[in-house]
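The block underneath contains the structure these notes are about, expressed in structure tokens.
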Amino acid sequence: WKLPKIDPNAPGSRPNMVPVADAKGEEAPPKTPPTLDGDAVAKKLPVPSDEQQAESEKLVKELFKQDFAKALRLVDKAELAAKLLEQAKTTSDDTNGQYVLLQEASDLCGVAGDFELMEKILTELTTHFEVDPIEVRSKRFKQLSTTVKSGAPQEQLAEAYLKLAEECATASRFDTAIEATKTAVLLAGKAKNLTLREAAKAKTDEYSLKRKSGDGSEQFRAALSKNPDDPIANERL
């Protein structure tokens, strides 16, 4: 690179320099952190099309052909899932491939029943791609609920289900919330954690009541859209 010659004494020649204290002892002005351009802010990537996914999947299966062939035991599948996750993290020039790597890692992890690894994979997926976090977690947690190891992992998944249910309720997706809490009840029971099981049952009742209340409110809203002065609908709503 050939850089132009700059006169250091010319006004404005060193805009990034911070002046030091002058002879009078005045302090130099503090540095002002640069503002980020709107385009510089990382945005989530769109989910690749089915054709793009199929093409990238073919490439991933070819590149990791030997790894897939050797992944026969559950522990091997978990190790390969971790390997694909790390590969996805370092893949920056192929977003389609990155998405497929995370999907393949999720599939393997679901079979292996490794909850902690699945959480890492889903965090990476929901952070970088335009996916529905609730839908993605519901799908993968459902897969894990039949393969997760007994004891502490079951408790962890039950707690994750309760957290997911809370997110669903906040978004008024009560059907999904209730399904999540019911699964949490089953998992907590298998883990013999009665406290967690009772908490999950209480949440099931709470969200069932909120769903019923929500259904009723829609009925009254519909009535008020036709007659805003309806006294009964106003009172009930």
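The values are calculated or read from the model by the stated rules, or taken from the named source; none is laboratory data. All values reported here derive from a predicted model rather than from experimental measurement. Ideal geometry is used to build each Cβ from the backbone, glycine not excepted, and the neighbour counts take in all protein chains shown. These area figures cover heavy atoms from the full protein model, side chains too; ligands, DNA and RNA do not enter into them. Shrake-Rupley method; radii C 1.70, N 1.55, O 1.52, S 1.80 Å.
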**OP:** Enumerate the helices (runs of 4 or more DSSP H) found wholly within the stretch 128-237, keeping only those where 1 or more residues are of a type in the set (D, E, K, R) and under 25 Å from Leu102 (Cα atoms).
**Re:** 133-144, 152-170
Subject >> Selection within the stretch 74-99 - among the β-branched types (Val, Ile, Thr) and either closer than 21 Å to Lys142 by Cβ or out of contact with any helix residue (DSSP H, G or I) (no Cβ under 7 Å at 6 or more places or on another chain) (or both) >> reply: Val75, Thr90, Thr95
Subject >> Filtered residue count, the stretch 153-205, keeping only those that are touching a Lys or Arg at 6+ places or on another chain (Cβ under 6 Å) and of a type in the set (Phe, Trp, Tyr) >> reply: 1
Original post:
In the stretch 42-97, which residues are surrounded by 19 or more Cβ atoms within 10 Å (Cβ to Cβ) and within 21 Å of Phe115 (Cα to Cα)?
Top reply: Ala71, Lys77, Ala78, Leu80, Ala81, Leu84, Leu85, Ala88
**OP:** State yes or no: is Ala171 buried (at least 21 other Cβ atoms within 10 Å of the Cβ) and small (Gly, Ala, Ser)?
**Re:** no
Original post:
Restricting the first residue to the stretch 200-211 and requiring it to be more than 13 Å from Thr170 (Cβ to Cβ) and without any contact (Cβ under 8 Å) to a residue 40 or more places away in the chain, which pairs with a second residue that is among the aromatic types (Phe, Trp, Tyr) and surrounded by 14 or more Cβ atoms within 10 Å (Cβ to Cβ) meet a Cβ separation below 7 Å and a spacing of at least six or different chains?
Top reply: Arg211/Phe174
**OP:** Could you please tell me which pairs satisfy a Cβ distance under 7 Å, a separation of 6+ or placement on different chains, a first residue in the stretch 100-127 that is open to solvent by 40 Å² or more (accessible area, probe 1.4 Å), and a second residue that is of a type in the set (S, T, N, Q)?
**Re:** Val111/Thr147
**OP:** Output the qualifying pairs, or none if there are none: Cβ atoms under 7 angstrom, residues six or more apart or on different chains, first residue in the stretch 53-69 and closer than 14 Å to Ala81 by Cα and modelled with pLDDT of 95 or more, second residue of a type in the set (Val, Ile, Thr) and in a helix (DSSP H, G or I).
**Re:** Val60/Val100
